[in-house]
Amino acid sequence: MFDISGFPAAVLAQRLARAGAPFVGSVPGDTPLRHRGPCPPGRAGRVFSAQQLLLSARTLRRPVTWTDPVTLRPRSALVAAVPVELVSPAGPLTLFGEWTDARGLPRQCWISSLTRESPGELLRLSRLTHRVEADLTAVSPQVGLTGFAGRSFEGWHRHTTLASAAHAVRVLAAGSAGGVGLHRRAG
């Protein structure tokens with residue numbers, strides 16, 4: 001899961017598809033996409049923005065509940081998904097969006113190569129970046145992951161490898177104890 005708004009979406013999606021790496025990525029609402037599958041008359045083959053496609057799919061929105069990976073509180077939003085492809089083909093993708101206001105525009109748009117996942121599961125996956133940020137902020141300074149100044153490349157590599165292992169142990173141990181690093185799945 002990542003924000004691809006700073007990169008050309010087509011280039012990044014093509015590279016990830018070639019590498020066989022599944023992804024969920026945030027995209028700007030003006031990302032050009034083509035609807036894949038049956039289209040209303042006059043829309044087949046035309047390019048639309050992510051927001052236009054999601055607005056046309058408003059009737060597909062369903063409530064989704066997930067557990068916030070940072071606060072561990074239940075949250076909910078309206079989510080809809082549309083099968084799409086990028087203007088420069090990168091294979092089949094799913095465009096999905098989240099609404100917090102049923103009358104407005106989608107709050108956020110994502111594309112994913114995980115075309116068989118439900119919109120709810122895609123939204124839950126998109127939230128994992130928040131858990132990674134929280135773990136990084138809480139644990140990295142304690143295990144020395146941010147202390148790399150003044151080392152040779154070999155020294156830095158050794159230090160970063162050991163600090164990364166310590167980080168993983170700390171997060172996984174805290175997760176099993178119910179603290180930082182807890183990754184619960186919402187039903």
- Given (1) surrounded by fewer than 19 Cβ atoms within 10 Å (Cβ to Cβ); (2) touching a residue at least 40 places away in the same chain (Cβ under 8 Å); (3) under 20 Å from Ser126 (Cα atoms); (4) in contact with an Asp or Glu (Cβ under 9 Å, 6 or more places away or on another chain), where does Arg36 come up short, assuming only one miss? (3)
- Residues located in segment 72-97, provided they are farther than 16 Å from Ser26 by Cβ, of a type in the set (S, T, N, Q) and either in a strand (DSSP E or B) or touching a Gly at 6+ places or on another chain (Cβ under 9 Å) (or both): Ser76
- For segment 24-40, does any single residue satisfy the condition of being out of contact with any Leu (no Cβ under 9 Å at 6 or more places or on another chain), assigned to a loop (DSSP other than H, G, I, E, B) and modelled with pLDDT of 85 or more? yes
- Message: Residue under question is Gln52, and the condition is that it be under 27 Å from Gln14 (Cα atoms) and part of a helix (DSSP H, G or I); does it hold?
- Response: yes
- Message: Only one of Leu86, Leu114 is buried (at least 19 other Cβ atoms within 10 Å of the Cβ) and in contact (Cβ under 8 Å) with a residue 60 or more places away in the chain. Can you tell me which?
- Response: Leu86
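Okay, residues lined up against (1) in contact with a strand residue (DSSP E or B) (Cβ under 9 Å, 6 or more places away or on another chain); (2) without any contact (Cβ under 8 Å) to a residue 12 or more places away in the chain; (3) hydroxyl-bearing (Ser, Thr, Tyr); (4) surrounded by 14 or more Cβ atoms within 10 Å (Cβ to Cβ):
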residue: Ala57; (1), (2), (3), (4): yes, no, no, yes
residue: Arg75; (1), (2), (3), (4): yes, yes, no, yes
residue: Val82; (1), (2), (3), (4): yes, no, no, yes
residue: Trp99; (1), (2), (3), (4): yes, no, no, yes
residue: Arg103; (1), (2), (3), (4): no, yes, no, no
residue: Trp110; (1), (2), (3), (4): yes, no, no, yes
residue: Gly120; (1), (2), (3), (4): yes, no, no, yes
- Note on the structure: Sole miss for Arg116 among (1) under 20 Å from His35 (Cα atoms); (2) under 12 Å from the mean Cα position of the chain (by Cα); (3) among the charged types (D, E, K, R) is condition (2)
- Please state which one of Phe48, Phe2 is surrounded by 14 or more Cβ atoms within 10 Å (Cβ to Cβ), among the aromatic types (Phe, Trp, Tyr), modelled with pLDDT of 70 or more and in contact with a strand residue (DSSP E or B) (Cβ under 8 Å, 6 or more places away or on another chain). Phe48
- Message: Take Ala134 and tell me if it is surrounded by fewer than 17 Cβ atoms within 10 Å (Cβ to Cβ), of a type outside the set (S, T, N, Q), modelled with pLDDT under 85 and more than 30 Å from His35 (Cα to Cα).
- Response: yes
- Subset of segment 150-169, residues more than 18 Å from Arg131 (Cα to Cα), open to solvent by less than 40 Å² (accessible area, probe 1.4 Å) and within 32 Å of the chain's Cα centre (by Cα), comes to Thr160, Ala163
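The values are calculated or read from the model by the stated rules, or taken from the named source; none is laboratory data. Remember, it's a predicted structure, so these values are computed and weren't measured experimentally. Glycine gets a Cβ as well: all are built from the backbone with ideal geometry, and neighbour counts include every protein chain shown. What goes into the accessible areas is simple: the full protein's heavy atoms, side chains included, and nothing from ligands, DNA or RNA. Shrake-Rupley method; radii C 1.70, N 1.55, O 1.52, S 1.80 Å.
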